[in-house]
Structure formats: structure tokens, C-alpha cells
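All remarks here apply to the structure that follows.
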Amino acid sequence: MNSNEVNHLGSINCTQNYTQNYTYASDTVQKGSLEFFKLVCLPSVLFALIATFSRYDNIGSIMDAVWTSSALVFILYVSKRLGQKWNRQMIFPAVALVLFGISNMLTQNTMILYMNILACKCLILLLAILAFYPNRNWQMGQWIVAGVTSVLKSVVTLGDWGADFAITVKSRSKKGHALQILIGLVIAIPLTIIILLLLAAADSVFQTYVIDFFDFDLFTITYKLLMLSFFYFGSYCGIRFLNKKTELVKEGETKQYPALTAYIILLPLTFIYLLFSWIQFAYLMIGNMKLPEGVTYSEYAHQGFNQLIVVVVINLVIVLFTIGVFGRTRGIRAALTVFTACTFVMIASAFVRIFMYIGAYHLTELRFLVVWGLSMLTLIFAIVLIYVFCEKFQMARWFFVITTLGCLVLSYCRMDAIIARYNISHMPELNQDNYEYLVELSTDACDEIFATKNQDLIDLYVLYHDKGASQMHYTWRMKNFSYDHFKNNIDCSTCM
């Protein structure tokens, strides 16, 4: 047996019997591990197959719940086999991952679908890190560095996969027949497909008799192979790197700089914000001052709204940067408190502006998202304010919890149904002028659309969304409960 392999087996055994002290293995020890390949290769192949089958040309279906659940099972199974104990920190992101996957089969709002997919990817990465790096009290910046480091260094770990694969091929153990067969299939299947495609391009008769018989499509096959490779190598190399337990972030104390620089930065901004806050109270919240001539309240509400949101986000960065670099002296805390209070006024001003604008021009998806985003910023700044005064407060953890819960609320609230209900109730009459936006709402809004009894609107809505009418192939793999409910409404209205 290879000496590196012996050392690695010893590393795994130490990991299996760990207490609070973790065994950190060096890169040299980890290379060329037959044992690791045996433990992780087959689960990675199975996960890659499930993920590719679920996600290829398919978003917003029951298969999203399948591949996210399989990712969770993969992480839990592999980490357990590698001697990592499941920890309580994994419970919340694991539940959130499953809920995001389920949400995708309940909605057809494109923005929600892609938000859920992004959230699932981030949660999978977080779960993998938590499985191998439990009980880490990192701050937000450190978690971001840990995530980026894990992704980038997993790519470099492809070389370790090559070493693991090489030592596995060299193994002639009689007990390794199943593994050798698996390796042969992993190499033979894509190689056979590539050779068939090349020969088909070289000879049209061969293409007619073979390729057309099997109904091969070059783009489809290539894309599926790329997806399969991505999920396989991504899962294998990701776990391979994390199992090394190298230092992801530096956990030493940060150097604190003199507070004078912080005052120079904060005081002019705070003075400007106080003036701005007074104007917001005078014009928007109390309304006892006249607007410039020729400017309506709806125009004033819309004016500068995007810039206001940018300033709020910049303020969040300034507060976190100030605490991280200059510490929490009494003067800095006082300045940041006033600074944050002014930011709350800006958020309140943005709320007033957006509600005035919605009242004048009705509700759209973007305006709904703005209201949701402002609500999230309010909660985030409340967390930041606590962090200003309490150094031991685990802001990163609460930031993650609040943002995850906020995204879940957005994911499950049926945004399009709320938009349709509001607009229909605030429109004096439904006509061709206001059909367009209602028609483009997803099938989540079908109950509200059908409840209008406006046949012209319903016909346009059905024509826009019916996959059967547009000749799109709808299979069990694409099953979406929002679309199925829409189809049932069509059938019920036809029966009537």
C-alpha cells in the first residue's frame, strides 16, 4: 500500500475519533488516497446524475426539490463517512435548502425561481463548510472569504482527484472489482459518445444509420456531459478540499486604527444626513412645506429614489467598515448611532416615496421588490445597531438568518397574486390599456385573473401561459403545481 495512502487513512481515523480538537492534514498527506476515492466517488457520481437529470433544461418543477434534497443527503452522508459529526449549525440552512427547493415547484415567477436557485447554491456551499468547519464564529467578511476560498481552491483540487484516480487504477485488490467497473463506465460512456459524434460528422451514411437511430443531438449531449462533469467534479473536489481542513480565513485580532480618521469621515456625512432627514420630515412625512412649482407628489416621490437606495447600502458598508477598522470607542458609537438613525429616516423616506408612487401608478413586480428590500434593510440596520453596542453579538449569524427568512417569505408569498389583486381592486375598469401587465404576470396570479370574469383578459392570459397552446412539451419532469392549478382553472372555465 502506498505510504501516502497509509498516512491518509490514519488522518481519517483520527478525524473519526476527534473531540473538540480537529486533525489538520497537509496537502502532501492528502494526495493519492484510495480510501477517499472509495468513499466519495460513487456518491459524487450519483449526485451528479440526479442533479443533471433534474436541472437540464428544467427550472421550476418538482425536480428542484429532488436535486436540492439529494445535495443535502450527499453532504450529510459523505461528511459522516469522513468522520465529521453533524452539528446543530447545519439544521437551519438544511431546512432552508429543502424549503427553497419545494418553493420552486409551487411558483412560476421567473425572478423567484432564479432567486431560489441562487439561494440553494449558497446554502449548499454553506452546509459543506459547516460540515467540516463547525462552531466558527466568523464575521460576515470572513464567511465571504471562506466561501470564495472554498470555491477557488476546489478547482485546484482537480489535481488531487487525478492522484486519487491514478492510485485507484493501480490497485489490483480482488475486492475492487465493483470500483474498477465503475471507473471503466465513467471513462467508456463519454468516450463512446464522443467517438460516435466524430464518426457521424465524418460519414453521412454512418450518421443516418447510427446517430439518427439513437436520436442523438450534438448540443444536447455535449451540454449534458458538461453538466454531469461540473456536478461530479464540483462535489468531489469541493469535499476533497474541505476535508483537508486548511485555514480558510485568518481568525486573529484585527488591528485597530486611530479613531480620529473615523470622526473625519463620519461627522461631515452625519451633518449632511441630519439636514436631509429634516427635509424628509418637512416635505414627505409632515407635509407642511410646499414642493417646487410644477412638481407633483408622485413625481417628487419617484425623484431620486434609486439614489436613495444606493446611499442606504453605502451607509451599511460605512458602518461595518468603521467598526472593523476603528473599533468601538465611546465617540465612534455615538457617531454611528446618529449615522444609523439618519439611515432609518432615509429608509422611512424611501417607504413613503414608493407607496406614493404605487398609489399613483399601481403595483409592479419591481415596486413590490422595492418594498420587500426596504423591509429587509430595516431589519439589517437594526442588527447593525445592536452590533455597534454589543461586540459579542453574532451579527453574521443573525444577518444570515434574517436574509434567509426574508427570501423564504418572498419565495412563498405568491407575489404575482398580490400584485394582481391590488391592481384589479384599484383599477376603475379593466380595459385594453391595463391588460398588458396583468397578462404577463405568472400563473401564480391565475385565481385573481379568473375571478375578474373578464373573458377578454382571461383569453389573453391563457394564450400567454398555456404551454399546450404554444406547443411546448410539458412532461412529468417539468411538473409545477402553479401551472397545474392554472390548467385546472382553464378546464373548469371550459366546463362552465
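From the list Ile383, Ile358, exactly one residue is outside the structural domain of Ile112 (by TED's automatic domain parsing) and under 22 Å from Ile112 (Cα atoms). Which is it?
Exactly one of Ile383, Ile358 is outside the structural domain of Ile112 (by TED's automatic domain parsing) and under 22 Å from Ile112 (Cα atoms), namely Ile358.
Cβ-Cβ below 6 Å, separation at least six or inter-chain, first residue in region 348-377 and free of Cβ contacts under 8 Å to residues at least 40 places away in the same chain and assigned to a helix (DSSP H, G or I), second polar (S, T, N, Q) and crowded, with 17+ Cβ neighbours inside 10 Å: which pairs?
Listed pairs, sorted by first residue: none to list.
Being in a helix (DSSP H, G or I), at pLDDT 80 or above and either more than 22 Å from Gly234 (Cβ to Cβ) or not polar (S, T, N, Q) (or both) narrows it down to one of Ile59, Ile50, so name that one.
The match here is Ile50.
Of the residues Thr149, Thr157, which is modelled with pLDDT of 85 or more and in contact with a Cys (Cβ under 7 Å, 6 or more places away or on another chain)?
Thr157
If you take the residues of region 118-159 that are in a loop (DSSP other than H, G, I, E, B) and not basic (Lys, Arg), which of them is surrounded by the most Cβ atoms within 10 Å (Cβ to Cβ)?
Filtering first and then ranking leaves Thr157.
Can you confirm whether region 411-429 contains a residue that is of a type in the set (A, V, I, L, M), touching a residue at least 60 places away in the same chain (Cβ under 8 Å) and either surrounded by 15 or more Cβ atoms within 10 Å (Cβ to Cβ) or in a helix (DSSP H, G or I) (or both)?
Within region 411-429 (the criterion being of a type in the set (A, V, I, L, M), touching a residue at least 60 places away in the same chain (Cβ under 8 Å) and either surrounded by 15 or more Cβ atoms within 10 Å (Cβ to Cβ) or in a helix (DSSP H, G or I) (or both)), the answer is yes, since at least one residue qualifies.
Name the single residue, out of those in region 442-453 being of a type outside the set (S, T, N, Q) and without any contact (Cβ under 8 Å) to a residue 60 or more places away in the chain, that is farthest from Asp484 (Cα to Cα).
Restricting to residues being of a type outside the set (S, T, N, Q) and without any contact (Cβ under 8 Å) to a residue 60 or more places away in the chain, the top hit is Lys453.
Can you say whether Val317 is surrounded by fewer than 17 Cβ atoms within 10 Å (Cβ to Cβ), out of contact with any Phe, Trp or Tyr (no Cβ under 6 Å at 6 or more places or on another chain), at pLDDT below 85 and over 24 Å from Ile424 (Cβ atoms), as far as the supplied structure shows?
no
Cβ-Cβ distance below 6 Å, separation of 6 or more or different chains: which pairs start in region 107-127 with a residue that is closer than 10 Å to Ile59 by Cα and end on one that is aromatic (Phe, Trp, Tyr)?
Close Cβ pairs satisfying both conditions: Gln108/Tyr483.
The values are calculated or read from the model by the stated rules, or taken from the named source; none is laboratory data. As the structure is a prediction and not an experimental result, all values here were calculated from the model. Virtual Cβ from ideal backbone geometry, glycine too; neighbours counted across all protein chains shown.
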